[in-house]
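K.L.:
The structure follows.
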Amino acid sequence: MPTYKLTYFKHWGRGGVLRLLFAADGIEFEDVRIEREQWPELKPKTPMGQIPILEVDGTMICQRRAIGRLIAKEAGLAGKTPLEEARADMIVDGLADLEGKIVDFFIEQDEKRKQEKIKEFAEKTLPTFLVTYEKLASSGGHFVGNALTWADVDFFAMMFFLKDHLPSDPLQGYVNLNKVRDNVSSHPGIAGWLEKEGASQ
Amino acid sequence: MPAYKLTYFNGRGTAEIVRLVFAAAGIEYEDVRIEKPEEQWPEFKPKTPMGQVPILEVDGTMLCQSNSIARYVAKVAGLAGKTPLDQARVDMIMDGMEDVGKKGNATHWEKDEEKKAEKKKEYEETFLPQFYTCLNKLVGDSGHFVGNELTLADITFFNTTDLVGRYFKLPSMDQFSGLKKVMDHVTSNPGIAKWLKERPETPF
């Protein structure tokens, strides 16, 4: 097994799902959480001036999805065939598209404009997305085949992030998506991690 | 070998990376272009997984999301990286180029003329040179991003650069010896060279 060192900020952001993926299979890794003030010094040492980064036996990998896919492969959560892997990838890419819309309201400085954007996100953007994703999830609560993949975990991570930013649970009424969320949160490694760390995130 | 059917609008856009991988691999596929989008797209859209194209139909399954499709085809063709770590390096280059493309897109579609001019200036004079400087450092002595052979990382770099270059002023490749080698490797790949000569001229 290679040695893994993940570096990100303390908050959930883009690093949270990666910690969950390590936890899912109980993979040991060095979980480096930096303060904002430490970032300027680290930035030029990273491949693209961004974090999270994962160092694997000394090689630096950046970009959240590239890192997530690598950990997923190690954990056996990437999909069982190339076609399943592609399906997991497309689910994760769709979630990244949604993330773009979240970043848009998250970084808005003008408070009034920010509330308008959050309202549009909660009332239009997110429901449209969830209607699509409800159809992509099976009744057993999986996006790919009938076993947990990182696509399920990535979806869970997105909802986990949103719960602190929306007035109510956006998954109300979505039967399949609720099952996805339950499957992930009850997965032994993840359940343990959530119990230990969930509240502080 | 399963039959591959790629569907997109009549343009390069987000489908071109898939076409380039098919070309490099010498894999035959059906290159379907929606000629009359106003008529045909509303009917086809609800049949797609996420209401988007490109779509790849293979073995009765519909895949969407261009990078996921490209990675799948690259995997079949042996162009996705040899080990999980190599594959992760390929993936990070792809994701980095996606950032380049998305920022270019956002700049191109900015409605406010004054903001657009500012964004264009920043993109061409600051962002692209800085990002390409980072990318240049990631090219190996072999002139490839990963290992000693062509991978999806090299092809993606070429494709995004080519597309961005249609709308924006690119930094000169003369200062980026690594990136120049990558471009040469991609454009001299026989399958890709043939496609670049034969592909249709389209508005986007």
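The values are calculated or read from the model by the stated rules, or taken from the named source; none is laboratory data. Predicted model, so just to flag it, every value in this text is computed and none were measured. Quick reminder, even Gly has a Cβ in these numbers, built from the backbone with ideal geometry, and neighbours come from all protein chains shown. Quick note on the areas: whole protein, heavy atoms, side chains included, nothing else; ligands and nucleic acids left out. Shrake-Rupley method; radii C 1.70, N 1.55, O 1.52, S 1.80 Å.
K.L.:
What are the residues in region A:119-150 that are under 17 Å from the mean Cα position of the chain (by Cα), among the aliphatic types (A, V, I, L, M) and under 14 Å from A:ASN176 (Cα atoms), if any?
P.N.:
A:LEU130, A:ALA137, A:VAL144, A:LEU148
K.L.:
What pairs come up if the first residue lies in region B:120-146 and is closer than 14 Å to B:ASP99 by Cβ, the second is open to solvent by 60 Å² or more (accessible area, probe 1.4 Å), and their beta carbons are under 7 Å apart, counting only those six or more places apart or on different chains?
P.N.:
Between residues of region B:120-146 that are closer than 14 Å to B:ASP99 by Cβ and residues that are open to solvent by 60 Å² or more (accessible area, probe 1.4 Å), the close pairs are B:TYR123/B:LYS103; B:PHE127/B:LYS103.
K.L.:
Which members of region A:46-89 meet the condition of being open to solvent by 20 Å² or more (accessible area, probe 1.4 Å), facing chain B (nearest Cβ under 9 Å) and part of a helix (DSSP H, G or I)?
P.N.:
Hits for region A:46-89 are A:ARG64, A:ARG65, A:LYS73, A:GLU74, A:PRO82, A:LEU83, A:GLU85, A:ARG87.
K.L.:
At pLDDT 95 or above and outside the structural domain of A:LEU18 (by TED's automatic domain parsing): is that true of A:ASP31 in this structure?
P.N.:
Here the answer is no, as A:ASP31 does not meet what is asked.
K.L.:
Something else now. Could you go through region A:106-124 and let me know if any residue there is within 14 Å of chain B (Cβ to nearest Cβ) and among the acidic types (Asp, Glu).
P.N.:
Looking for residues that are within 14 Å of chain B (Cβ to nearest Cβ) and among the acidic types (Asp, Glu), one finds none in region A:106-124, hence no.
K.L.:
Considering every residue within region A:104-111, establish whether at least one is among the acidic types (Asp, Glu), part of a loop (DSSP other than H, G, I, E, B) and either touching a Cys at 6+ places or on another chain (Cβ under 7 Å) or open to solvent by 50 Å² or more (accessible area, probe 1.4 Å) (or both).
P.N.:
yes
K.L.:
Residues in region B:78-94 that are in contact with a Phe, Trp or Tyr (Cβ under 8 Å, 6 or more places away or on another chain) and among the aliphatic types (A, V, I, L, M): how many? Don't jump to the end; show me each part of the working.
P.N.:
Taking region B:78-94 first, the residues in contact with a Phe, Trp or Tyr (Cβ under 8 Å, 6 or more places away or on another chain) are B:89-90, B:93.
So of that shortlist, the ones also among the aliphatic types (A, V, I, L, M) come out as B:90, B:93.
Of the residues in that region, 2 qualify.
A quick yes/no check of all residues on (1) within 14 Å of chain B (Cβ to nearest Cβ); (2) over 17 Å from A:ARG64 (Cα atoms); (3) open to solvent by 10 Å² or more (accessible area, probe 1.4 Å):
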{"residue": "A:VAL144", "(1), (2), (3)": "yes, yes, no"}
{"residue": "A:VAL153", "(1), (2), (3)": "no, no, no"}
{"residue": "A:PHE156", "(1), (2), (3)": "no, no, yes"}
{"residue": "A:HIS187", "(1), (2), (3)": "no, yes, yes"}
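K.L.:
Let me ask something else. Across region A:146-178, what is the number of residues that are touching a Ser or Thr at 6+ places or on another chain (Cβ under 8 Å) and in contact (Cβ under 8 Å) with a residue 60 or more places away in the chain?
P.N.:
Residues meeting the conditions: 1.
K.L.:
Here's another thing I want to ask about it. Starting from residues that are over 15 Å from B:GLU198 (Cα atoms) and small (Gly, Ala, Ser), keep the ones in region B:1-43 and report whichever is most open to solvent (accessible area, probe 1.4 Å).
P.N.:
B:ALA3
K.L.:
I've got another one for you. Search region A:185-196 for residues that are in contact (Cβ under 8 Å) with a residue 12 or more places away in the chain and pair each with any residue that is open to solvent by less than 80 Å² (accessible area, probe 1.4 Å) and β-branched (Val, Ile, Thr) when their beta-carbon atoms are under 9 Å apart and the residues are at least 6 apart or on different chains.
P.N.:
A:HIS187/A:VAL153; A:GLY189/A:ILE27; A:ILE190/A:VAL153; A:ILE190/A:VAL184
K.L.:
Against the definition (of a type outside the set (A, V, I, L, M, F, W, C), free of Cβ contacts under 8 Å to residues at least 60 places away in the same chain, under 22 Å from B:CYS134 (Cα atoms) and open to solvent by 30 Å² or more (accessible area, probe 1.4 Å)), how does A:LYS43 come out, yes or no?
P.N.:
yes
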